[in-house]
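The values are calculated or read from the model by the stated rules, or taken from the named source; none is laboratory data. Computed from a predicted model, the values in this text were never measured in an experiment. Positions of Cβ are generated from backbone atoms using ideal geometry, with glycine treated the same way; all protein chains shown enter the neighbour counts. Surface accessibility is based on the protein's heavy atoms, side chains included, excluding ligands, DNA and RNA. Shrake-Rupley method; radii C 1.70, N 1.55, O 1.52, S 1.80 Å.
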Amino acid sequence: MSTTGLLSRNKIHPLRLALFISCGSILMMFGALTSAYIVRQSAGNWLEFDLPNLFYVSTGVLLLSSVTLQACYSAFGKGHVTLYRGLLALTLILGLSFVILQFQAWEAMFDAGLPLKGNPSPSFVYVLSGLHAAHVLGGLVSLVVAVIHGFRLPVLATPRRKLRLQLTLTYWHFMDFLWIYLLLFFVLQR
Amino acid sequence: MSSVITRPQNEETFIEEDGYDDHFHDHHHGDKYQSNFITKYIFSMDHKMIAKQFLITGMFWAVIGAAMSLVFRLQLGFPAGDISWLEPFLGKWITMSADGVGSLSTEFYYAMVTMHGTILVFFVLTAGLSGTFSNLLIPLQVGARDMASPLLNMLSYWFFFLAGAVMFASLFLSTGPFSGGWTAYPPLSALPQASTGSGAGMTLWLVSLTLFVVSVLLGGINYVTTVLNLRTKGMSMWRLPLTIWAFFVTAIIGILSFPVLVSGFLLLMFDRGMGTSFYLSEIFIGGQALDHVGGSALLYQHLFWFLGHPEVYIIVLPAMGIVSEVLAVNARKPIFGYKAMVFSILAIAFLSFIVWAHHMFMSGVNPFISNFFVVFTLIIAVPSAVKVFNWISTLYRGSIRFNSASLFAIGFVSMFISGGLTGIWLGNSSIDIQLHDTYFVVAHFHIVMGVAAFFGMYSGVYHWYPKMYGRFMNETLGQIHFWGTIISAYAIFWPMHYLGMAGVPRRYYSFNNFDFTSQFGAMNAFITIAAFVAFAFQVLLIINFFYSMYKGKKMTTRNPYNATTLEWTTPIEGIHGNWPGKIPSVHRWAYDYGKFGEDAIAQYVPVSEAEAIADKELVH
Ligand code: HEM
Ligand SMILES: [Cu+2]
């Protein structure tokens, strides 16, 4: 892009900084919803229920995908072509599985007699995890782009491509962190 | 006495020697941005063009929003008047009585009030103001080629455009646009069957504002990144002009508060579409009980005002930044208390996040919690007063150039004082029992936010017009515009304080039926006439704006005001990348006016040894 000429003086790439700021923005959105949860909960008439176990399974999958993507990034830097491509594909699969598992968790909640409408307590869980899943889908799109690059382009760790992968990685870790926050919130704020 | 300042002989050649070389012009990518009509004028990625797009779109919305206010002011000022002549424009929203008298339909009255608020707050005073000037000035004043991401910057404009298109479409719905007030409180906003505007109108309102938030976030992320990351060599944060500080902090507030609004909207969408009960509880409509239970309407108010209050500072801070800069340039004096100004901006920004419930004193929040919000609300008056004091001190004993820009800047200070004082009344929860939801509040926020922010914007338009179009606006017309506007604006909003103190409620269609309100008929008529006069003076601005684009006095030198900031070192005809060669390096703050007898010393001028010694002596 046209402004990247100044990069040589920057400690952090402007796009990376922009991504951090966006993460802050997303965090505010979830912070608002969890605050709303607390406010509404303290008003009483609040249904208590157990989270479906699938949420714990999906958590493991998401954590694992963060590890594989991190390893993939370092393999890319070191030029280990097969490892890099394999881990990239694996991350994508794990990411997709996470979304599917979330979907199944919602089904499990629904089957347990906790519909979306009705008492706001389950509604909040649907909305919060759903909004998170929507953000994960955004991450999956950038993973798909990374996979296409990984398999179509020659594997060369140019600064530009490293930056690309790094941005995907940062966002993906953030999704991970966000989900852990939500899960802990659900578990502790009962 | 010979001056201690050593000026470079020639600005351009000096910048080529001393400036920062980012090798921007080595690769010829610059031109692909402006190669044809579409990339130059429509899908432009050049911040200067995007600024103009924001400004002109903002002007379009200002005209529409203001015209709406005239429509409902007609109803309030002349409730018995015949407005059948508006039928060609408003169609079925004019109801005709048997004897042929046309009046505004009640639904449409509420729709107009709602749209007026939404359009002015978001499209005009947020996008039109900070969109325009952050885009124009951030790269130029920090010394950057463009925004951090020109692509996201372009998208920011187009999301704004799309938001506008959706809102515009909602005006033509057969059920009319949303009509439940700009704050969109449930249940009117949550139940599609609650009022005519609550169905399709509200759906489009939500879509539009969600697109708008995307625009604000894309823009804001770019502004913050550019300020933090793309300042030129020597441009430390403490050397930034106050305009940039204001835009920077505004962007941060937006990034932190708009997502909260989206959260509020998300729950609202679920309530509307999916049958959840976040905001709805035990509601009867048409004698029928709905099956929503367990929701809380207050929840929405918290989420809304967590954005809503910071939003008013998103509107006014950029105006404050512009005013600080314009006052310093035109008083030929350094801004008084630069650091105090920066710290007040930061303090206001911080406090703006912990006062939101002063909008909810009367909504049934716990009175003990209200106390907390009263205290922080009143504390905001402190940094606000510091700023006012500093502006006045900047003017004090300055050799003031009275021109359209500086007059509007001074007018801003006047408005901000008048409106800020009434804020202190409202901030006391006990006084607010009487004043809440009356015309007193309407007077307060129109003066302190509406008119003041417009004044800041006008000041900026007159001041930086040459930077945008290479020509000046007409001064005589500008000054007529100023005097006409300030007098008519006070004429509109001053009397509203009295209405409010007498308890006249806001958002009522008609006041004829109650003794305590009907006595104000003449005053309401007066206000309506003043509103029409004010509108007429704004037409003057629009004529001046477009006329000067083609016929205005041409700018012949780069720095017509002899100002210090970097935007006046760029060529008169704006070019892609802003500087033809290197970017100037910065050696001093932005306010060296009148230093050691020099009228102004630009930021790129190095500090000579003699000046450094003289500086030291000043300190001792
Ligand atoms: C000295 C500082 C200020 C204080 C103490 C203050 C206080 C208040 C209070 C308590 C209210 C609620 C009144 C009610 O609804 O009963 C209010 C309303 C409002 N204020 Fe201020 N204010 C201040 C400055 C500002 C500024 C600088 C702006 C904008 C730039 C602003 C914009 C508004 C708006 C838009 C509303 C009304 C919103 C609505 O109900 O539609 N205020 N103010
Ligand atoms: Cu407020």
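Condition first: open to solvent by less than 30 Å² (accessible area, probe 1.4 Å), free of Cβ contacts under 8 Å to residues at least 40 places away in the same chain and either within 16 Å of ligand 1 (Cβ to nearest atom) or within 11 Å of another protein chain (Cβ to nearest Cβ) (or both). Can you find one or more residues in region B:298-319 that meet it?
Yes - at least one qualifying residue is present in region B:298-319.
Tally the residues that are facing chain A (nearest Cβ under 9 Å) and surrounded by fewer than 21 Cβ atoms within 10 Å (Cβ to Cβ), restricting the search to region B:283-292.
Selection size over region B:283-292: 1.
Collect the residues in region B:157-176 that are more than 22 Å from the chain's Cα centre (by Cα) and either surrounded by fewer than 24 Cβ atoms within 10 Å (Cβ to Cβ) or modelled with pLDDT of 95 or more (or both), keeping them in residue-number order.
Passing the criteria: B:A169, B:S170, B:L171, B:F172, B:L173, B:S174, B:T175.
Has region B:423-436 got at least one residue that is crowded, with 17+ Cβ neighbours inside 10 Å, among the β-branched types (V, I, T), in contact with a Phe, Trp or Tyr (Cβ under 9 Å, 6 or more places away or on another chain) and touching a residue at least 40 places away in the same chain (Cβ under 8 Å)?
no
Kindly provide the set of residues from region B:332-360 that are open to solvent by 20 Å² or more (accessible area, probe 1.4 Å) and either among the hydrophobic types (A, V, I, L, M, F, W, C) or within 15 Å of ligand 1 (Cβ to nearest atom) (or both), ordered by number.
Selection gives B:F336, B:A340, B:F343, B:L346, B:A347, B:F350, B:F353, B:I354, B:W356, B:H358, B:H359.
Quick one: would you say B:K339 is of a type in the set (D, E, K, R), more than 16 Å from ligand 2 (Cβ to nearest atom) and modelled with pLDDT of 95 or more? Break it down into steps so the answer makes sense when it comes.
Numbers: of a type in the set (D, E, K, R): yes; more than 16 Å from ligand 2 (Cβ to nearest atom): yes; modelled with pLDDT of 95 or more: yes.
Here the answer is yes, as B:K339 does meet what is asked.
Of all residues being closer than 26 Å to B:K48 by Cβ and open to solvent by 10 Å² or more (accessible area, probe 1.4 Å) in region B:446-460, which is nearest to ligand 2 (Cβ to nearest atom)? Just the residue, please.
Of everything passing the filter in region B:446-460, B:F454 is nearest to ligand 2 (Cβ to nearest atom).
Restricting attention to region B:546-572, which residues are more than 19 Å from B:F133 (Cβ to Cβ), within 25 Å of the chain's Cα centre (by Cα) and hydrophobic (A, V, I, L, M, F, W, C)?
B:F546
Please give the number of the condition A:V39 fails out of (1) touching a residue at least 60 places away in the same chain (Cβ under 8 Å); (2) within 14 Å of chain B (Cβ to nearest Cβ); (3) open to solvent by 50 Å² or more (accessible area, probe 1.4 Å); (4) part of a helix (DSSP H, G or I).
(1)
Yes or no, residue by residue, for (1) surrounded by fewer than 16 Cβ atoms within 10 Å (Cβ to Cβ); (2) more than 26 Å from the chain's Cα centre (by Cα):
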position	(1), (2)
B:G484	no, no
B:S488	no, no
B:A491	no, no
B:G500	no, no
B:G503	yes, yes
B:F511	no, yes
B:F516	yes, yes
B:N524	no, yes
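Please go through (1) open to solvent by 30 Å² or more (accessible area, probe 1.4 Å); (2) among the β-branched types (V, I, T); (3) touching a Leu at 6+ places or on another chain (Cβ under 8 Å) for B:T196 and return the number of the only condition it doesn't satisfy.
Evaluating B:T196 over (1) open to solvent by 30 Å² or more (accessible area, probe 1.4 Å); (2) among the β-branched types (V, I, T); (3) touching a Leu at 6+ places or on another chain (Cβ under 8 Å) leaves (3) as the failure.
Would you list the helices (runs of 4 or more DSSP H) that sit entirely within region B:508-620 and hold 3 or more residues that are over 30 Å from B:M59 (Cα atoms)?
Helices (runs of 4 or more DSSP H) meeting the threshold: B:515-518, B:609-619.
Counting only residues that are within 16 Å of ligand 2 (Cβ to nearest atom) and either open to solvent by 50 Å² or more (accessible area, probe 1.4 Å) or in contact with a strand residue (DSSP E or B) (Cβ under 9 Å, 6 or more places away or on another chain) (or both), how many does region B:361-381 have?
Of the residues in region B:361-381, 7 are within 16 Å of ligand 2 (Cβ to nearest atom) and either open to solvent by 50 Å² or more (accessible area, probe 1.4 Å) or in contact with a strand residue (DSSP E or B) (Cβ under 9 Å, 6 or more places away or on another chain) (or both).
In the set B:L395, B:L426, B:L421, which member is within 14 Å of ligand 2 (Cβ to nearest atom) and of a type in the set (A, V, I, L, M)?
B:L426
In region B:559-569, is there at least one residue being over 25 Å from B:F454 (Cβ atoms) and surrounded by fewer than 20 Cβ atoms within 10 Å (Cβ to Cβ)?
Yes, that holds for at least one residue.
Do you know which of the residues in region B:267-282 that are under 15 Å from A:Y37 (Cβ atoms) and assigned to a loop (DSSP other than H, G, I, E, B) is farthest from the other protein chains (Cβ to nearest Cβ)?
Across region B:267-282, the extreme among qualifying residues is B:Y279.
From the set of residues in region B:361-378 that are away from ligand 1 (no atom under 14 Å from the Cβ) and in a helix (DSSP H, G or I), which is farthest from the other protein chains (Cβ to nearest Cβ)?
Top of the filtered list is B:P367.
Pick out the one residue from B:S130, B:S179 that is closer than 22 Å to B:H463 by Cβ, within 16 Å of ligand 1 (Cβ to nearest atom) and either open to solvent by 10 Å² or more (accessible area, probe 1.4 Å) or within 14 Å of chain A (Cβ to nearest Cβ) (or both).
B:S130
It is to be established whether one or more residues within region B:311-324 are within 16 Å of ligand 2 (Cβ to nearest atom), in a helix (DSSP H, G or I), within 19 Å of the chain's Cα centre (by Cα) and among the small types (G, A, S).
no
Restricting to region B:204-223, name every residue that is open to solvent by 10 Å² or more (accessible area, probe 1.4 Å) and under 12 Å from B:M167 (Cβ atoms).
B:L204, B:V207, B:T210, B:L211
Can you tell me which residue is most open to solvent (accessible area, probe 1.4 Å) among those in region B:236-266 that are more than 22 Å from the chain's Cα centre (by Cα) and more than 14 Å from chain A (Cβ to nearest Cβ)?
Step by step, filter region B:236-266, then rank; the result is B:W238.
Here are A:L27, A:L64, A:L90: which of them is within 9 Å of another protein chain (Cβ to nearest Cβ), under 21 Å from A:V141 (Cβ atoms) and open to solvent by 50 Å² or more (accessible area, probe 1.4 Å)?
Step by step, each of A:L27, A:L64, A:L90 is checked, and only A:L27 is within 9 Å of another protein chain (Cβ to nearest Cβ), under 21 Å from A:V141 (Cβ atoms) and open to solvent by 50 Å² or more (accessible area, probe 1.4 Å).
Please go through region B:410-441 and give me each residue that is within 8 Å of ligand 1 (Cβ to nearest atom) and under 18 Å from the mean Cα position of the chain (by Cα), ordered by number.
Within region B:410-441, B:F416, B:G419, B:G420 meet the criteria.
Over 16 Å from the mean Cα position of the chain (by Cα), at pLDDT 95 or above and closer than 15 Å to A:W179 by Cα, is that true of A:F124?
Taking the combined requirement at face value, the residue satisfies it.
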